[in-house]
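Below is one structure, written out as structure tokens; the observations come after it.
The values are calculated or read from the model by the stated rules, or taken from the named source; none is laboratory data. As the structure is a prediction and not an experimental result, all values here were calculated from the model. All Cβ positions, glycine included, derive from the backbone under ideal geometry; neighbour counts span all protein chains shown.
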Amino acid sequence: MAFEGLTERLQNAMSKLRRKGKISESDLKDVMREIRLALLEADVNFKVVKDFVKTVRERALGSDVLESLTPAQQIVKIVNEELTKLMGEEATPLNKAPKIPTIIMMVGLQGAGKTTTAAKLAKYLKAQEKARPLFIAADVYRPAAIQQLQTVAQQVDTPVFELGTNVDPREIVKQGLAEAAEKKNDYVIIDTAGRLQIDEKLMQELKDIQAIAQPNEILLTVDAMTGQNAVNVAESFNEQLAITGVVLTKLDGDTRGGAALSIRAVTGKPIKFTGQGEKLDALDVFHPDRMANRILGMGDMLTLIEKAQEDYDEKKAAELAEKMQENTFDFNDFIDQLDQVQKMGGIQDILKMMPGMNNVPGLDQIQMGPEEMGHMKAVVYSMTPAERQDPDLLNPSRKRRIAAGSGRPIHEVNRMIKQFMESRKMMSKMSNGNFSGMDQMFGK
Ligand code: GDP
């Protein structure tokens, strides 16, 4: 899971503060040192780390944090805000042409995930705006490249314009654009050639294609697993081509996180999407604030809700968000969620998106298979409708009745109800943007 080490180290650094009522300047210095080391270890660019630490320290000193009764929370809040800023504050939408087609040029080194991302993007645009994209196959150097594009294009039901491997890519792009104009495609996605390394010939070709196509968007695909190298690649491409955005792929892997945190600061260009897997629906819009929450182990409820939304109807997801906010999330919703989780698979990843769950020790050991889910459901189904709606009714004698009814031991029933109540409280606080619940997440 991405960012794991970073999250743990940041949480450790800040939980030390929490144990102190009031902190001194030297405590602050210690925690800043640990944050610095955590970021460096996560392979964040050296200069970015230096500036980040300086800003956080200055803000902490300048805002009476040391005098405050809740210094640890204040620092978490500052770190969260600065991480968000570092990654660009708000999600940056795709540039659009004033009239069709919007032209997107995909660039990147070989193996970074360019062709896969092109297909993901087509799928995303079709789902979001019922778009009718056209691919142009402009990688003529790897014989398998066109075929690979055709394979994924077929999976996302999108046509490919290609002229084989014997025509100059500039010519292919010209003819492809003419085809798009004729067929009135609203998006054109150009899959350009990659190389193992940046070289002059490649750059010249890309510059020529840029001049011909005048793309609205030059999206650079970089592999998050390559850390600082991804940042260097982004810097070089940006110098030569003035890219408009980055897609950071393979964020589902075990990356330390350095690229996600450095690219914006180093290149000034936003990460627009992240790739979260090999499947063609594994593309997420990049939200810096949500990513900061995730890095700090504070969960990512919004993405969780959106994931649910893909299967749920919108009304239901909106209701869920409201219930979380109003603290009226009940056991009926919980059962709905369990069913949903089973559908979405990947219980660990889902749990980690929930506030407060990230640092539950031994989360990785949780094997919540169908059997455990079955037990949870049995417990909920042994509640009366009134109890499901109002978990506060659950006094000891009711809990004993539920244990007997569900055939589960009383300690298991107690634990489940307690966890439910705690996560409900946390959801409500987080979805109201209230940071005062945050310290509960650091250190137990
Ligand atoms: P290209 O050479 O840049 O066009 O790269 P490809 O699209 O061929 O991708 C290279 C490999 O990375 C393929 O095996 C893809 O399935 C894989 N890949 C691409 N994006 C992701 C991602 O977000 N996560 C994971 N795990 N694999 C990815």
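Got a number for residues in the stretch 233-249 being touching a strand residue (DSSP E or B) at 6+ places or on another chain (Cβ under 8 Å) and not in a strand (DSSP E or B)?
8
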* Starting from residues that are closer than 14 Å to Ala119 by Cα and aliphatic (A, V, I, L, M), keep the ones in the stretch 279-299 and report whichever is nearest to the ligand (Cβ to nearest atom). => Ala282
* Asked: Quick check: is even one residue across the stretch 203-215 buried (at least 22 other Cβ atoms within 10 Å of the Cβ) and in contact with a Gly (Cβ under 8 Å, 6 or more places away or on another chain)?
  -> no
* Structure fact -> Counted residues in the stretch 264-278 being more than 16 Å from the ligand (Cβ to nearest atom) and at negative phi come to 6
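State yes or no: is Leu61 in contact (Cβ under 8 Å) with a residue 12 or more places away in the chain, crowded, with 17+ Cβ neighbours inside 10 Å, more than 24 Å from Asp254 (Cβ to Cβ) and outside the structural domain of Gln128 (by TED's automatic domain parsing)? Spell out how you get there, then give the answer.
Values: in contact (Cβ under 8 Å) with a residue 12 or more places away in the chain: yes; crowded, with 17+ Cβ neighbours inside 10 Å: no; more than 24 Å from Asp254 (Cβ to Cβ): yes; outside the structural domain of Gln128 (by TED's automatic domain parsing): yes.
No: the conditions fail for Leu61.
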* Mind telling me which of the residues Leu37, Leu10, Leu28 ends up being under 21 Å from the mean Cα position of the chain (by Cα) and assigned to a helix (DSSP H, G or I)? => Leu10
* To do: Inspect the stretch 185-194 for any residue being modelled with pLDDT of 95 or more and out of contact with any strand residue (DSSP E or B) (no Cβ under 6 Å at 6 or more places or on another chain) and give the result as yes or no.
  => yes
* Structure fact -> Restricting the stretch 237-263 to residues that are surrounded by 23 or more Cβ atoms within 10 Å (Cβ to Cβ) and either more than 16 Å from the ligand (Cβ to nearest atom) or outside the structural domain of Ile218 (by TED's automatic domain parsing) (or both), the one nearest to the chain's Cα centre (by Cα) turns out to be Leu261
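Report, by residue number, each residue of the stretch 232-259 that is of a type in the set (S, T, N, Q) and free of Cβ contacts under 8 Å to residues at least 24 places away in the same chain. Explain how you work it out, then say what you get.
Here is the first cut: in the stretch 232-259, the ones of a type in the set (S, T, N, Q) are 232, 236, 238, 240, 244, 249, 255.
Result: Asn232, single match.
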* Asked: (1) in a helix (DSSP H, G or I); (2) surrounded by fewer than 24 Cβ atoms within 10 Å (Cβ to Cβ): which one isn't true of Ala230, the others all being true?
  -> (2)
